[in-house]
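Below you'll find the structure, written out as structure tokens, and then a few comments.
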Amino acid sequence: MNPYNIAILGGGNLGTAIAEGLLKSGFATPAQITVTRRNVERLALLKEAGVTVTSNNAQAIQQAEVIIVALKPYNVKEVLEELKSHFDARKQLVISVVTGVSLREFDAILPAGIPIFRAMPNTAIAIQESITCLCAQQATNAQVNYVTDLFNQLGVSISIDEKLMDAATVLGACGIAYALRFIRAATQGGIEIGFDAKTASLIAAQTVKGAAELLLKGNRHPEEEIDKVTTPKGCTIVGLNEMEHRGFSSSLIRGIGASYHKIGS
Ligand SMILES: NC(=O)c1ccc[n+]([C@@H]2O[C@H](COP(=O)([O-])OP(=O)(O)OC[C@H]3O[C@@H](n4cnc5c(N)ncnc54)[C@H](OP(=O)(O)O)[C@@H]3O)[C@@H](O)[C@H]2O)c1
């Protein structure tokens with residue numbers, strides 16, 4: 001059982017999804033979680049679930065051992081500057097899910113020696129199916145294990161070098177949009193060949209889920225699975241090759257590259 005109080009600063013999309021995931025997984029009790037935002041009435045559902053909701057960041061920080069920062073990149077430094085005196089390096093650790101703000105930048109604001117983690121989840125965290133990439137500084141093995149365990153309740157977590165955080169943002173967080181556009185396009189194709197939109201969407205989404213599970217649970221290589229369904233002279237290989245002639249893999253790779261260059265610019 002998680003022994004710590006957890007404060008989530010910035011109860012927006014990601015902050016509330018993390019709180020919901022921690023509750024649903026049983027990792028934390030409602031009494032252990034505090035979520036903050038200025039428009040606190042938007043946190044009514046969490047409040048109903050027994051979570052403490054407040055606009056008082058200072059109090060939330062003082063009462064927690066684990067502080068998850070889920071603010072927007074544009075105001076996070078300003079907000080933390082105002083709050084830095086409320087952190088305690090001896091008993092707290094900080095986890096930032098903020099895109100593009102480095103461990104060094106947090107370290108420059110927060111009290112010396114405080115353990116800081118960066119986490120890059122995606123929106124599937126709301127249903128405990130995120131891939132979350134983690135890196136840390138000034139953290140003990142026990143703290144690393146604790147944070148890994150926390151994000152494992154919300155999907156799967158892996159440890160990466162901080163220099164790969166932008167790449168993790170593109171492949172994991174932006175990746176949700178790429179995958180959904182694939183499903184949407186497949187749905188449109190499905191409608192063209194005869195299904196109503198709802199049925200086509202279900203078939204497309206469940207097919208993608210099944211394909212992913214073949215890799216994740218079956219530990220297979222994608223091409224090995226593709227070979228199984230591409231009968232010589234069959235309809236799958238004809239369609240797949242037509243997609244490739246039209247730039248299927250190439251456009252995905254180019255898109256990932258474009259997102260990566262944008263994030264770094
Ligand atoms: N969404 C994703 O897929 C994703 C994935 C990975 C990482 N991230 C990162 O996660 C962070 C949050 O993203 P998001 O999509 O959850 O954004 P969001 O929905 O805009 O959430 C940010 C929240 O911060 C609150 N806030 C602003 N100023 C505050 C203050 N002074 N004190 C307390 N709360 C304050 C805002 O609510 P009020 O206006 O009511 O205060 C807002 O609800 C961003 O840095 C983003 O880059 C997002």
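At-a-glance table
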read-out: Residues of the range 8-45 classified as closer than 23 Å to Phe87 by Cβ and either of a type outside the set (A, V, I, L, M) or in contact with an Asp or Glu (Cβ under 9 Å, 6 or more places away or on another chain) (or both), total; value: 11
read-out: In the range 103-114, residue farthest from the ligand (Cβ to nearest atom) [restricted to those that are crowded, with 20+ Cβ neighbours inside 10 Å and closer than 30 Å to Lys24 by Cα]; value: Ile114
read-out: Flag for Leu9 being out of contact with any strand residue (DSSP E or B) (no Cβ under 9 Å at 6 or more places or on another chain) and modelled with pLDDT of 95 or more; value: no
read-out: Residue under evaluation Ile125, criteria (1) out of contact with any Gly (no Cβ under 7 Å at 6 or more places or on another chain); (2) among the aliphatic types (A, V, I, L, M); (3) not in a loop (DSSP other than H, G, I, E, B), criterion not met; value: (1)
read-out: Every residue from the range 51-92 that is among the acidic types (Asp, Glu) and more than 10 Å from the ligand (Cβ to nearest atom); value: Glu65, Glu81, Asp88
read-out: In the range 191-240, the residues that are among the acidic types (Asp, Glu) and surrounded by fewer than 13 Cβ atoms within 10 Å (Cβ to Cβ); value: Glu192, Asp196, Glu213, Glu223, Glu224, Asp227
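The values are calculated or read from the model by the stated rules, or taken from the named source; none is laboratory data. All figures in this text were calculated on a predicted structure; none of them were measured in a lab. Cβ sites come from the backbone with ideal geometry, for glycine too, and all protein chains shown count toward neighbours.
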